[in-house]
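The values are calculated or read from the model by the stated rules, or taken from the named source; none is laboratory data. Quantities reported herein were computed from a predicted structural model and do not represent experimental measurements. So basically every Cβ, Gly included, is an ideal-geometry build from the backbone, and we count neighbours across all protein chains shown. The protein model used for the area step is the full one, side chains on, heavy atoms only, and it has no ligands, DNA or RNA in it. Shrake-Rupley method; radii C 1.70, N 1.55, O 1.52, S 1.80 Å.
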Amino acid sequence: MTHRTALPTQPPIKRPSAALVAGLIAGMCAAFAGLFPLPALAQRWQLDYRVHVGGVAVLDAWAELTLTEGRYSVQVNAATDGFLGRLFPWDTQSLSVGTVRPDGVAPIRHTQSGVLRGSPRTVTLDYGPDGSVRTQVSPPPEEEDRAPVPEALSRQTRDPLSGVVELLLAALHGGGCQRTVPIYDGRRRYDMIFTDRGMTMVGMSRHSVFSGAARQCRVSHTPIAGYERTPRQPFWQRGGNREERPPVDLWIAPVEGAGPPLPVRLETDSGFGGVVVHLTAVRKTDQTAERPAGPVPSPLR
């Protein structure tokens, strides 16, 4: 994805608050994979999003999801745009690949790279068959005044993109959005708590290609480990406590005929005003022998 998910933080904050929205967009882009049985013929979906904060467009996001019967691949790119992009240049690229099993997803590899105010940041997670996670992260936790996540807490977790895929695979079997997913993003360990809010209407907007009935899922988070020892005040927090992060509402619905549900809207609050993520374009291509899907890396041994 060439554009995509969340706002940078205000000085002297190091991390962009946009990372929260960006991670959620990444999750949204992966979300609909779990709502339908995966096709035997690979399908590739390309989704464009635009993020507005306080009514101003600040972030563009692009997602590409490839699905087959036994595997998934999700790529998400995002970058700040316009005036904010000039003040707080930030971009990120994320990729998750894995397999789908009867009991859920099995991530194989997750990578994320980006640049914040000229400083590169990278994460690589390789997953073993026993649920272990090999982590490479730069800058290291010590340079960000955070304790590394203990190995025992990272086992049997999901990266943010794979976590949402697993959530909606469970929804396929009657679970709706009601689920708690253990997430490890290479720096932080937290739980994503999804609550089903039922079917609601998404109104028409000149910013979006979708309007109509959609399933609303509310997402909150519980921090567990890997957070900065001296918390800083990101723009999306209501107070000094990192657990006061406001919930996020996302809507999922088909955008054409009998097609699969797509993430069509996301909303949350911030210190700068309401955050709204609009779906601005959708493209689908079938992968064939002439146009194969990309290879999946080998699992960690």
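Do we find that residue 208 is polar (S, T, N, Q), at pLDDT 85 or above and touching a Ser or Thr at 6+ places or on another chain (Cβ under 7 Å) in this structure?
Yes; evaluated as a whole, the condition is true for this residue.
Filter the stretch 97-133 down to the residues that are within 20 Å of residue 166 (Cβ to Cβ) and among the basic types (Lys, Arg), then identify the one that is surrounded by the most Cβ atoms within 10 Å (Cβ to Cβ).
Across the stretch 97-133, the extreme among qualifying residues is 109.
Within the stretch 256-271, track down each residue that is among the hydrophobic types (A, V, I, L, M, F, W, C) and either modelled with pLDDT of 75 or more or open to solvent by less than 20 Å² (accessible area, probe 1.4 Å) (or both).
Pass one, the stretch 256-271, residues among the hydrophobic types (A, V, I, L, M, F, W, C): 258, 262, 264, 266.
Result: 262, 264, 266.
List pairs: first in the stretch 58-73 and free of Cβ contacts under 8 Å to residues at least 40 places away in the same chain and among the small types (Gly, Ala, Ser), second assigned to a strand (DSSP E or B) and open to solvent by 10 Å² or more (accessible area, probe 1.4 Å), Cβ under 8 Å, 6+ apart or cross-chain?
Close Cβ pairs (under 8 Å, with a partner that is assigned to a strand (DSSP E or B) and open to solvent by 10 Å² or more (accessible area, probe 1.4 Å)) amount to 70/99; 70/100.
Report whether or not residue 220 is under 16 Å from residue 261 (Cα atoms) and at pLDDT 90 or above.
no
Condition test on residue 87, is it open to solvent by 40 Å² or more (accessible area, probe 1.4 Å) and out of contact with any helix residue (DSSP H, G or I) (no Cβ under 9 Å at 6 or more places or on another chain)?
For residue 87, the condition - open to solvent by 40 Å² or more (accessible area, probe 1.4 Å) and out of contact with any helix residue (DSSP H, G or I) (no Cβ under 9 Å at 6 or more places or on another chain) - is met.
Which of the residues that make up the stretch 65-79 are buried (at least 21 other Cβ atoms within 10 Å of the Cβ) and modelled with pLDDT of 85 or more?
73, 74, 75, 76, 77, 78, 79 - these are the residues of the stretch 65-79 that are buried (at least 21 other Cβ atoms within 10 Å of the Cβ) and modelled with pLDDT of 85 or more.
Against the condition aromatic (Phe, Trp, Tyr) and at pLDDT 90 or above, how does residue 235 come out, does it pass? Lay out the reasoning, then the answer.
On the way: aromatic (Phe, Trp, Tyr): yes; at pLDDT 90 or above: no.
No, not satisfied.
Scanning the stretch 120-164 for residues that are among the hydrophobic types (A, V, I, L, M, F, W, C) and part of a strand (DSSP E or B), which turns out nearest to residue 79 (Cα to Cα)?
123
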